[in-house]
Amino acid sequence: MTSDRVKVLLVEDSEYDAELALTALSDRCHADQIVVVGDGEDALDYLYFRGNFSDRAPGNPSLIVLDIKMPKVDGLEVLRTIKADAQLKVIPVVMLTSSREERDVIESYRLGSNAYVVKPLVFSEFYEAVKELGVFWLKINEPCPVGG
């Protein structure tokens, strides 16, 4: 893997939460290795080289961090699409959401989510939770060598 490869696709509609997550993840990889999009439609456009991302560099992210409640296309629909695609389904997807609704947790895992993390309300706890996600998925976990 080259050092300029995108490691994280962060899909978050809250600018505040995206900035906090970006800061925490930047401890584990360079900021230019993180792509941040604000809704599910842009996430799918990124993954499928469409729209504003039609000329992006080849390759898939090593990790997708995905919110559930978003405009245009929600996170569960994005997850459903990713896990139904042979080329994308090997990418780990972590749901990072404020939803504690049992149906969201169950549906996320049913669709193939690799983890479900409820956003802590306290800044320091949120930062640490995302930082730990970065440590595990980007440093400890061995990614699947195919499909990326």
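In table form, for the structure just shown:
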item	result
Normalised convex hull volume, the chain, alpha-carbon set, Å³ per residue	101
Radius 13 Å from Cβ of Lys89, net charge of other residues (Lys, Arg +1; Asp, Glu -1)	+1
Segment 8-137: relative contact order in percent, alpha carbon pairs under 8 Å with at least 6 residues between	26
Rounded to the nearest 10 Å², the accessible area of Arg80 at probe 1.4 Å	90
Solvent-accessible area per residue, Å², over the chain with all protein chains present [probe radius 1.4 Å]	51
Accessible carbon and sulfur surface of segment 8-137 relative to its total accessible area, %, 1.4 Å	52
Stretch gain in nm, segment Ile106-Ala57, where the contour uses 0.36 nm per residue and the Cα spacing is subtracted	14.2 nm
Whole-angstrom gap from segment 78-130 to segment 37-74, using each part's C-alpha centre	15
HN-Hα J in Hz across segment 108-117 - Karplus 6.51, -1.76, 1.60, θ = phi - 60°, x for Gly and Pro	4, 5, 4, 7, x, 4, 8, 6, 9, 10
Area accessible to solvent at Tyr127, 1.4 Å probe radius, in Å²	40
Net dipole in debye of the chain [+1 Lys, Arg Cβ; -1 Asp, Glu Cβ; about Cα centre; nearest 20]	540
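The values are calculated or read from the model by the stated rules, or taken from the named source; none is laboratory data. Everything quoted here is computed from the prediction, not taken from an experiment. Cβ: placed from backbone, ideal geometry, glycine included. Neighbour counts: every protein chain shown. Please note that ligands, DNA and RNA were not included when accessible areas were found on the heavy atoms of the full protein model with its side chains. Shrake-Rupley method; radii C 1.70, N 1.55, O 1.52, S 1.80 Å.
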